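Contents: one structure, followed by commentary.
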Amino acid sequence: MSDNSKRPMKVLIVGGGTAGWLAANHLGKKFSASEGLSVEVTLIESPNIPNIGVGEGTVPMMRDTLRYLGIDEGDFIRQTDATFKQSIKFINWTDNPQPDNPTYYHHLFDYPKWDNSALMWLNESAESTSYANSVSPQGYFADLGLGPKTMTQPQYQGETSYAYHLDANKFSVLLRDNAVKRFGVSHILDDVTDVLVDDAKQIQSVTTVNHGVLEADLYVDCTGFSARLIEQACEVPFVDKGDVLFVDTALAVQVPYEQSDTPIPCFTLSTAQEAGWIWDIGLTERRGVGYVYSSRHSTQAEAEQVLRKYLGTAGDKLALRKIEMRIGYRERAWHQNCVAIGLSAGFVEPLEATGLLVFDVTSRMLAECFPAHRDAMPLVAEQFNRRITHTWDKVIDFIKLHYVASKRSDSQFWLDNRQTNTIPESLQQKLALWRYQLPSRYEFASTMEIFNLENYLYVLYGMDFDTDIAPWTVTDAQQSQYQAQQAQLQQYVQAARKQLLPHRELIARIKQYGISKV
């Protein structure tokens with residue numbers, strides 16, 4: 001091996017925000033204590049370009065990431081104004097909304113506690129209780145406003161599975177400090193003025209205002225929708241999926257609580273509207289609210305009217321922020337010596353908190369798949385691209401499912417979403433099969449699925465999907481066992497609700513006392 005091959009490989013991350021600093025943490029974690037491969041990680045971000053600052057919802061995988069990165073859960077909650085998230089509550093998604101009588105279902109984070117749960121629920125009486133409430137106590141806890149853990153439970157553990165709501169900008173600061181102090185990532189505040197590429201669109205260097213020319217072996221593009229490296233410099237095409245997922249614009253606003261003791265929902269509210277849906281996320285000091293809509297089905301003025309009606313007097317005089325979104329993903333996330341992470345790589349709307357989820361997954365994948373030799377980079381890139389494309393396609397299938405399973409017919413937006421030519425063939429085949437038989441775990445065998453069998457079951461049967469179970473025989477023993485399980489579940493709910501605190505009170509105590517590491 002030549003002397004040149006022994007020098008440390010240099011990674012330059014261009015752009016900060018949650019995507020940039022997640023990438024910096026995962027790379028830093030991987031190589032800060034490595035006894036083999038030597039990798040130096042530097043992140044450069046502009047002091048003049050603000051972060052988008054949305055993406056305030058996470059999924060349970062974030063708990064694993066924070067623990068893996070060595071972040072104290074109590075410190076995380078204090079520094080990011082975080083609250084707990086146990087589910088997404090989908091309001092008025094299933095049928096046309098009735099005045100003063102909203103319908104809803106929960107997509108819980110707890111997976112069903114018993115096998116054959118969907119079959120037994122369908123066989124008993126789907127109208128007696130919701131699917132979610134038949135398989136987990138978490139829906140009850142969420143509706144009761146209770147937190148997911150007790151004060152005596154260790155960090156990142158709870159009575160139920162959970163994720164977080166958080167202030168995205170404060171989260172970026174926490175990740176920055178962790179990457180720099182714990183993993184030795186170098187941090188540069190400067191503006192990139194030029195990106196030099198060769199004839200093969202491989203990056204040679206980036207030029208900055210105050211630090212001159214910076215060179216690296218691998219460049220990570222975390223510049224958001226501008227895609228400064230992967231698109232503007234490397235000219236990698238974007239695969240537009242706007243013909244599948246219609247929502248492409250958001251109006252967002254931060255809403256202060258009118259009273260300091262206002263209860264905080266421990267779930268994301270997702271309320272369907274005429275041309276999209278409204279997210280409502282409760283942090284400790286404010287709510288983050290936004291209307292995600294299709295610009296083909298609504299004007300901005302109409303969208304603002306819908307959002308202000310939802311906010312009521314709480315939104316009076318609050319300015320709305322417009323965010324235009326590119327729906328789709330990069331044809332190749334890894335091109336030559338440039339890897340796109342975050343919005344520069346793709347985005348498929350905020351439903352189900354896929355943004356931070358995919359940023360986190362791809363950052364970890366980059367660190368774990370990092371080439372041990374420069375000559376191996378093309379081979380690693382090919383595998384990386386294949387996996388990332390698969391991930392995006394599966395995420396798009398799952399998001400589209402929410403619109404296809406809806407029976408709403410009160411606007412063209414919902415009717416258009418069920419047009420066959422807008423539904424990926426892979427999803428069409430699944431739905432056709434599931435009319436005749438229940439979804440099987442073997443249909444979700446890939447480790448890169450992101451959303452698994454249990455996630456599909458919550459959405460399908462939360463939205464009253466019709467599966468013909470007539471050919472299936474349920475024995476008396478199975479029915480008795482199911483009824484015993486339901487009684488056991490109710491007993492657990494009654495016992496646990498005496499131990500769990502109201503959500504806001506739990507957060508206040510954690511901020512005051514922290515969380516045990518034992």
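In table form, for the structure just shown:
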| read-out | value |
| --- | --- |
| Failed criterion for Val54 (all others in (1) hydrophobic (A, V, I, L, M, F, W, C); (2) at pLDDT 95 or above; (3) surrounded by fewer than 23 Cβ atoms within 10 Å (Cβ to Cβ) hold) | (2) |
| Scope the range 416-434; condition assigned to a helix (DSSP H, G or I), surrounded by 15 or more Cβ atoms within 10 Å (Cβ to Cβ) and charged (D, E, K, R); matching residues | Asp416, Lys430 |
| Selection within the range 427-476 - of a type in the set (D, E, K, R) and farther than 30 Å from Leu366 by Cβ | Arg435, Asp464, Asp466, Asp468, Asp476 |
| Residue satisfying condition, being open to solvent by less than 10 Å² (accessible area, probe 1.4 Å) and of a type outside the set (Asp, Glu), within set Ala303, Ala319 | Ala303 |
| Unmet requirement for Phe359, which otherwise passes all of (1) of a type in the set (Phe, Trp, Tyr); (2) out of contact with any Gly (no Cβ under 6 Å at 6 or more places or on another chain); (3) touching a residue at least 40 places away in the same chain (Cβ under 8 Å) | (2) |
| Selection from the range 487-518 of residues that are open to solvent by 60 Å² or more (accessible area, probe 1.4 Å), of a type in the set (S, T, N, Q) and touching a residue at least 60 places away in the same chain (Cβ under 8 Å) | Gln499 |
| Candidate set from the range 7-39 (those that are part of a helix (DSSP H, G or I), of a type in the set (Gly, Ala, Ser) and over 13 Å from Asp221 (Cβ atoms)); member that is most open to solvent (accessible area, probe 1.4 Å) | Ser32 |
| Qualifying residue in the range 329-336 (condition: surrounded by 23 or more Cβ atoms within 10 Å (Cβ to Cβ), farther than 27 Å from Arg408 by Cβ and in contact with a Lys or Arg (Cβ under 6 Å, 6 or more places away or on another chain)) | no |
| Unique residue being β-branched (Val, Ile, Thr), over 15 Å from the mean Cα position of the chain (by Cα), crowded, with 21+ Cβ neighbours inside 10 Å and farther than 21 Å from Pro256 by Cα when the list is Ile44, Ile77, Ile91 | Ile44 |
| Selected residue (criterion: surrounded by the fewest Cβ atoms within 10 Å (Cβ to Cβ)) from residues of the range 180-232 that are of a type in the set (Gly, Ala, Ser), farther than 13 Å from Gly15 by Cβ and out of contact with any helix residue (DSSP H, G or I) (no Cβ under 7 Å at 6 or more places or on another chain) | Ala200 |
| Tally of residues being farther than 23 Å from Phe31 by Cβ and over 26 Å from the mean Cα position of the chain (by Cα) across the range 191-238 | 22 |
| Flag if Ala179 is in contact (Cβ under 8 Å) with a residue 60 or more places away in the chain and closer than 30 Å to Gly462 by Cα | no |
| Residue match in the range 342-351 (condition: of a type outside the set (Lys, Arg) and open to solvent by 30 Å² or more (accessible area, probe 1.4 Å)) | yes |
| Cβ-Cβ under 7 Å pairs, at least 6 apart or on other chains, the range 150-166 side closer than 19 Å to Gly57 by Cα, far side of a type in the set (Asp, Glu) and surrounded by fewer than 21 Cβ atoms within 10 Å (Cβ to Cβ) | Leu166/Asp81 |
| Residues being open to solvent by 20 Å² or more (accessible area, probe 1.4 Å) and within 26 Å of the chain's Cα centre (by Cα) - total across the range 94-108 | 4 |
| Every residue from the range 462-501 that is among the hydroxyl-bearing types (Ser, Thr, Tyr) and closer than 23 Å to Gly147 by Cα | Tyr492 |
| Hits in the range 239-255 - residues which are open to solvent by less than 80 Å² (accessible area, probe 1.4 Å), farther than 17 Å from Ser298 by Cβ and not aliphatic (A, V, I, L, M) | Lys241 |
| Subset of the range 439-474 that is modelled with pLDDT of 90 or more and of a type in the set (D, E, K, R) - its residue that is least open to solvent (accessible area, probe 1.4 Å) | Glu454 |
| Count - residues of the range 356-376 that are open to solvent by 10 Å² or more (accessible area, probe 1.4 Å) and of a type in the set (Gly, Ala, Ser) | 2 |
| Residue under evaluation Ala477, criteria (1) open to solvent by less than 60 Å² (accessible area, probe 1.4 Å); (2) on the phi < 0 side of the Ramachandran plot; (3) among the small types (Gly, Ala, Ser), criterion not met | (1) |
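The values are calculated or read from the model by the stated rules, or taken from the named source; none is laboratory data. Bear in mind that the values here come from a model prediction, so they are computed numbers and not experimental data. Neighbour counts are summed over all protein chains in view; Cβ atoms, including those assigned to glycine, are modelled from backbone coordinates with ideal geometry. Just so you know, the surface numbers come from the protein's heavy atoms only, side chains and all, with ligands and any DNA or RNA stripped out. Shrake-Rupley method; radii C 1.70, N 1.55, O 1.52, S 1.80 Å.
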